[in-house]
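Enquirer: Sending over a structure as structure tokens; questions will come in a sec.
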Amino acid sequence: MTTRLQPGDTAPDFTLTNDAGEPVRLSQQDGKVIVYFYPAAMTPGCTTQACDFSDSIDRLQAEGYTVLGISPDQPEKLAAFRERDGLSITLLSDPDKQVLEQWGAFGEKKLYGKVVQGVIRSTFVVEDGTITLAQYNVKATGHVAKLRRDLGLGA
């Protein structure tokens, strides 16, 4: 069983490579950070979710939020994902799944009725190094609107 993070927990710090090959460190982000984990770039659900975050980025940034999307994909695939879909959020690569595991976003999940090991679609909000919101098994479609409501930002 994967250990899940809860509000009030210290957010595990990380440094991951973005789609441009540059290192990005969580603890060096200003303001509030939305960290979301998704299974694979360029798949239908992950594309929907990434496009929703990109479409909402101006409003989120105006409220002091940065968005970091993390998957096991290599930086080159993330760059192609950004280019193909015109994404404006930060995409990070975790090919060894170390950060995914630290955040409880990799482990057993049900896929088409079978239990498999994989990325658990999850979203967190981090403020001053502390998790203030932790959501596991989120739905790709409509998730950003729900998250905005949960954060008191409206739909």
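Enquirer: Based on what the data block shows, is residue 77 at pLDDT 95 or above and assigned to a helix (DSSP H, G or I)?
Expert: Yes, satisfied.
Enquirer: Restricting attention to region 10-34, which residues are touching a residue at least 40 places away in the same chain (Cβ under 8 Å), assigned to a strand (DSSP E or B) and charged (D, E, K, R)?
Expert: Residue satisfying the conditions is 32 alone.
Enquirer: Right, next: For residue 4, indicate whether it is among the charged types (D, E, K, R), closer than 22 Å to residue 133 by Cβ and either in a loop (DSSP other than H, G, I, E, B) or under 16 Å from the mean Cα position of the chain (by Cα) (or both).
Expert: The answer is yes for residue 4.
Enquirer: Can you tell me which residue is surrounded by the most Cβ atoms within 10 Å (Cβ to Cβ) among those in region 1-25 that are among the charged types (D, E, K, R) and more than 11 Å from residue 90 (Cβ to Cβ)?
Expert: 9
Enquirer: Further, regarding this structure: Out of 33, 67, 24, which single residue is at pLDDT 95 or above, closer than 19 Å to residue 139 by Cα and hydrophobic (A, V, I, L, M, F, W, C)?
Expert: It is 67.
Enquirer: Which residue pairs have Cβ atoms closer than 9 Å, lie 6 or more positions apart in sequence or on different chains, and pair a first residue in region 121-133 that is among the small types (Gly, Ala, Ser) with a second residue that is part of a loop (DSSP other than H, G, I, E, B) and crowded, with 16+ Cβ neighbours inside 10 Å?
Expert: Taking only residues 6 or more apart or on different chains, the pairs are 122/5; 122/38; 122/103; 122/104; 122/105; 122/138; 129/11.
Enquirer: Sticking with this one: Filter region 92-132 for residues that are within 11 Å of the chain's Cα centre (by Cα) and assigned to a loop (DSSP other than H, G, I, E, B); which is surrounded by the most Cβ atoms within 10 Å (Cβ to Cβ)?
Expert: My answer is 105.
Enquirer: Considering only residues of region 106-135 that are modelled with pLDDT of 95 or more and among the hydroxyl-bearing types (Ser, Thr, Tyr), which is farthest from residue 45 (Cα to Cα)?
Expert: Ranking the candidates gives 130 first.
The values are calculated or read from the model by the stated rules, or taken from the named source; none is laboratory data. Here the structure is a predicted model, which means the values were calculated and not measured. A quick note on method: Cβ atoms are made from the backbone with ideal geometry, for glycine too, and the neighbour counts reach across all protein chains shown.
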